[in-house]
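Since the structure comes first, as structure tokens, the remarks are kept for the end.
What follows is calculated from the coordinates using simple rules that are stated; it is not laboratory data. This one's a predicted model, so the numbers in the text were calculated from it and none came from an experiment. Virtual Cβ from ideal backbone geometry, glycine too; neighbours counted across all protein chains shown.
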Amino acid sequence: MDTKRFGDRLRLNTTDGSLLINRAQMGDADTYTVEVSQGKSKHKAEVKLMIYERADRPILEVLTNTSGPQFCNVSVRCAALHGLWVESVCQLTSGKLVCQETARNDSAHSARLLITATRDAINCSSSNPASTSSAPLLPVTQVCQAYVPGTE
């Protein structure tokens, strides 16, 4: 084990063979050669360690909003701090909110943005392999004020 590089941050579980890096840092990302020996048997493998920062909390904004007593159309944009964004059109008809389920991936940051609809709100989430973060839900009542349920 590379104690110079990792100091006391590296822990090997000799029972199950797992390796834990505490307080991982971006500089820890690298390709490592691992050698496992048991008795006279030895196995070598290369392992690529990737470190991800927590997903940015995205921002959900309303671009356009058209509503009447029987309908509501809302165009929204979900954006992350590093420039990734996605747009979707959400429609409220017959009391049901539906967004064109739209996602955008950014391989450079291993990030994904997703716009979805819950029963009564629009959701925007940002994720990467390490975490997921969501903007505050946008309640349909906040953007579809002219819509009157039961008038369809």
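Per-residue ellipticity at 222 nm computed for the chain from its helices equals -500 deg cm²/dmol, with DSSP H segments shorter than 4 residues left out and the rest contributing -39,500 (n - 2.57).
Measuring how big the range 3-49 is from its alpha-carbon positions, Rg and Dmax come out at 12.0, 36 Å. Within the same chain, aspartates and glutamates fewer than 8 places from residue 96 are excluded, and of the rest, those with a Cα less than 15 Å from its Cα are 120, 152.
About its Cα centre, the dipole of the chain is roughly 500 debye, where the only charges are +1 on Lys and Arg Cβ and -1 on Asp and Glu Cβ. For residue 4, the lysines whose Cα falls under 21 Å of its own Cα, not counting residues fewer than eight places away in the same chain, are 48.
Positive end of the dipole of the range 3-49 (Cβ unit charges, origin at the Cα centre): among 49, 36, 25, the Cα lying farthest that way belongs to 36. Each distinct pair of alpha carbons in the chain adds a 1/r term; the inverse of their mean, the Kirkwood radius, is 18.9 Å.
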